[in-house]
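Here's the structure, in structure tokens; my notes come after.
Just so it is clear, none of the values below were taken in a lab; they were calculated from the coordinates. A quick note: this is a predicted structure, and the numbers were derived from the prediction, not measured. Every residue, glycine among them, receives a Cβ derived from its backbone with ideal geometry; neighbour counts consider all protein chains shown.
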Amino acid sequence: MTKKNNPVRCRRAAAPCTFSFKPYSYVEGGQRMRYRFCPECGTKLTYKKAGDDGLVPFCDVCSRFWFPSFSSCSIVMVVNEYDEIALLTQLYQSDKYKCFVAGYIVPGETAEETAVREVREEIGLGLARLEYAGTYWFSAKEILMHGFIGYASKKDFLLSTEVDAAEWVPSSQVEGLIFPDRPGNAMHPIYRQYMLRKNSSR
Ligand SMILES: [Zn+2]
């Protein structure tokens with residue numbers, strides 16, 4: 001507990017980015033996401049019982065609870081009619097591993113709408129169909145990832161400035177090219193679900 005924090009400063013932005021993948025880091029992450037000062041008025045929060053949720057930070061001035069907050073992202077594995085998967089190179093993330101389309105959910109948007117928008121923005125494709133593939137807690141960045149499998153017709157990509165390259169890769173070759181399979185990495189579970197669904201529909 002430090003006293004030097006500016007009351008209106010976002011604590012998450014000030015927290016060091018520890019690039020670790022810990023499967024059970026909710027408590028640790030929850031501490032970092034917990035509000036200590038009211039984001040509206042800056043008053044130091046007290047704790048008040050909020051039903052089944054127990055003690056929750058509370059602003060006596062605004063008379064409201066401040067539950068721990070976190071960001072949400074949609075991540076989409078895009079597949080075409082030839083069983084090829086769109087893999088993106090984003091050098092700001094890695095020059096070694098490839099990734100799927102992903103982006104933050106903005107207020108007012110559903111996870112599905114974000115998925116469709118991000119695929120359009122990042123690689124210039126429209127999706128014919130979207131399948132839900134579960135949620136994943138990315139502890140390194142404290143983000144809830146909403147996983148999807150998106151189906152699109154094979155076309156050339158139209159890349160955004162965020163994407164350095166993209167390619168269609170046969171699904172059987174994907175596992176070795178994407179970020180390694182660790183807790184917190186949503187890509188492998190989404191990929192495995194696609195492979196299972198593909199094989200069970202044959
Ligand atoms: Zn307040």
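Would you mind checking 48/141; 96/198; 154/198; 141/198 for any pair whose Cα atoms are more than 25 angstrom apart?
48/141; 96/198; 141/198
Would you mind working out the magnitude of the charge dipole of segment 27-69 relative to its Cα centre, with +1 at each Lys and Arg C-beta and -1 at each Asp and Glu C-beta, to the nearest 20 Debye?
Value, rounded to 20: 120 debye.
Starting from the Kirkwood radius over alpha-carbon pairs of segment 71-200, derive D by Stokes-Einstein at 20 °C in a medium of 1.002 mPa s and give it in µm² s⁻¹.
148 µm²/s
May I ask you to evaluate 6.51 cos²θ - 1.76 cosθ + 1.60, the Karplus curve with θ = phi - 60°, for each residue of segment 40-53 and list the ³J(HN,Hα) values in order in whole Hz, giving x for glycine and proline?
Residue by residue, segment 40-53 yields 7, 10, x, 5, 5, 7, 10, 10, 9, 6, 10, x, 5, 7 Hz.
Taking only the C-alpha atoms, wrap a convex hull around segment 27-69 and report its volume per residue in Å³ as a whole number.
Hull volume normalised by residue count: 66 Å³.
How do 89-102, 36-49, 110-123 rank on mean C-beta neighbours within 10 Å, highest first?
110-123, 89-102, 36-49
Within a Cβ distance under 12 Å of residue 176, other residues only, what is the Lys/Arg minus Asp/Glu net charge?
Summing Lys/Arg as +1 and Asp/Glu as -1 gives 0.
For residue 161, what charge total do you get from the other residues with a beta carbon under 12 Å from its beta carbon, if Lys and Arg give +1 and Asp and Glu give -1?
Values: positive: none; negative: 121, 122, 162, 164.
Combined, the nearby Lys, Arg, Asp and Glu give -4.
Add +1 for every Lys or Arg and -1 for every Asp or Glu among the other residues with Cβ under 13 Å from the Cβ of residue 115, and state the total.
Spelling it out: positives minus negatives among the neighbours equals -4.
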